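Working notes, structure below.
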Amino acid sequence: MTSSKIIFITGCSSGIGYTTAHVLKQRGHQVICSARKSIDVMRLQQEGFTCLQLDLADSDSIKGAVKELLILTEGKLDVLFNNGAYGQPGAVEDLSRDVLRSQFETNFFGTHELTNLVIPVMRQQGYGRIIYNSSILGFVALKFRGAYNASKFALEGLADTLRLELRGSGVHIVLIEPGPISSDFRKNAMQMFQDNVDPNLSVHQSTYQAMVARLEKVGPAAPFTLPATAVAAKVLAAIEAAHPRCRYPVTFPTYLFGFLKRLLPTAWLDRILVSVE
């Protein structure tokens, strides 16, 4: 067992964040959670977690949460796990500027602002780990996931750059790259689709019917789906490794498409990706 770390995790109301918080706490680490809704904050506190309210789409919320976090930890932080995010389904041509902006506010800009607020703390300490929960969709694109694809591609580019810029500082940058994971992600994505896309006005109306059926399906909707504990195991490895890897793929599709992206010409890979639902 390594020494206990102070770890801050975003997006802990369910799924990967919730499971990872439990795994790390059981491992003996000091976990501080966050969630966007006050009802989820209270629920996590009742479960024994220290939990802060944090909305990644709100700059004031981010600044307030970090201020409270550093009071709780006496100005120290070993690990930031940037997990909070959501998926906005829909064909690119059906996504308005405002809808795309909202996707980036949470998945990219909020995560960036939060990270920049903790980097000085880690620089002063001379150590720290910033872990980003990316996706298989951070390096390959799938149809009708354009907003999410774009936000995760951007996140990977930012993380790769930050890793170079922090070299020698003692602060390590890590990307976790899940594939299909059992969580509330599809349920939340379905709500975002209903809120922001009118299928009756789209040339993709018939295709959306199949997409909605997949989003509403109970249980795994894709082959090789793993539980959220699979991601938690990779996060734990990245935290406790003496020298963490830059990337930790999760699930067979992540490994497979990472290999195919390096091996195949783009046009060949497109022929495979266009058939993936």
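The values are calculated or read from the model by the stated rules, or taken from the named source; none is laboratory data. Given the structure is predicted, the values throughout are model-derived calculations rather than measurements. Neighbour counts run over all protein chains shown; Cβ positions are idealised from the backbone, glycine included.
Considering only the range 68-76, I want to know if a residue exists there that is in contact with a Leu (Cβ under 6 Å, 6 or more places away or on another chain) and farther than 23 Å from Lys234 by Cβ. Please lay out each step first, then the result.
Of the residues in the range 68-76, the ones in contact with a Leu (Cβ under 6 Å, 6 or more places away or on another chain) are 68.
Checking which are farther than 23 Å from Lys234 by Cβ leaves us with 68.
Scanning the range 68-76, I find at least one residue that is in contact with a Leu (Cβ under 6 Å, 6 or more places away or on another chain) and farther than 23 Å from Lys234 by Cβ, so the answer is yes.
Could you check the range 1-81 for strands (runs of 3 or more DSSP E) lying wholly inside it with 3 or more residues that are at pLDDT 95 or above and under 21 Å from Ser183 (Cα atoms)? Steps first, please.
Working: elements: 6-9, 30-35, 50-53.
Those strands (runs of 3 or more DSSP E) span 30-35.
Can you confirm whether the range 201-210 contains a residue that is part of a helix (DSSP H, G or I) and within 15 Å of the chain's Cα centre (by Cα)? Walk me through how you get there before you give the answer.
Residues of the range 201-210 that are part of a helix (DSSP H, G or I), as a first pass: 201, 205-210.
Those still in the list that are within 15 Å of the chain's Cα centre (by Cα) too: none.
There is no residue in the range 201-210 that is part of a helix (DSSP H, G or I) and within 15 Å of the chain's Cα centre (by Cα).
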- Given Ala21, Ala91, Ala57, Ala85, which one is small (Gly, Ala, Ser) and farther than 30 Å from His204 by Cβ? Ala21
- Which residue out of Asp160, Asp184, Asp198 is charged (D, E, K, R), surrounded by fewer than 18 Cβ atoms within 10 Å (Cβ to Cβ) and modelled with pLDDT of 95 or more? Asp160
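Find the residue count for the range 236-259, including only residues that are among the hydrophobic types (A, V, I, L, M, F, W, C) and free of Cβ contacts under 8 Å to residues at least 40 places away in the same chain.
Total meeting the criteria: 5.
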- Which ones in the range 86-127 are over 20 Å from Ile16 (Cβ atoms) and part of a loop (DSSP other than H, G, I, E, B)? Ala91, Leu95, Ser96, Gly126, Tyr127
- Query: For the range 66-80, does any single residue satisfy the condition of being closer than 30 Å to Phe144 by Cβ and touching a residue at least 12 places away in the same chain (Cβ under 8 Å)?
  - Reply: no
- What number of residues within the range 74-108 satisfy the criterion of being crowded, with 17+ Cβ neighbours inside 10 Å, of a type outside the set (A, V, I, L, M, F, W, C) and more than 21 Å from Val212 (Cβ to Cβ)? 7
- Query: What is the number of the single condition among (1) buried (at least 17 other Cβ atoms within 10 Å of the Cβ); (2) at pLDDT 95 or above; (3) of a type in the set (A, V, I, L, M) that Met211 does not meet?
  - Reply: (2)
- Is it fair to say Ala189 is aliphatic (A, V, I, L, M) and either under 12 Å from the mean Cα position of the chain (by Cα) or assigned to a helix (DSSP H, G or I) (or both)? yes
- Would you confirm whether any residue within the range 119-141 is surrounded by fewer than 17 Cβ atoms within 10 Å (Cβ to Cβ), touching a His at 6+ places or on another chain (Cβ under 9 Å), within 21 Å of Ser61 (Cβ to Cβ) and at pLDDT 95 or above? no
- Item | Residue, surrounded by the most Cβ atoms within 10 Å (Cβ to Cβ), within the range 20-44, restricted to residues that are under 18 Å from the mean Cα position of the chain (by Cα) and more than 14 Å from Gly84 (Cβ to Cβ) | Val31
- Query: Which one is surrounded by the most Cβ atoms within 10 Å (Cβ to Cβ) among residues in the range 220-257 that are of a type in the set (Phe, Trp, Tyr) and farther than 24 Å from Arg167 by Cβ?
  - Reply: Phe257
- Task: With the checklist (1) over 19 Å from the mean Cα position of the chain (by Cα); (2) in contact (Cβ under 8 Å) with a residue 40 or more places away in the chain in hand, flag the one item Ile62 doesn't pass.
- Result: (1)
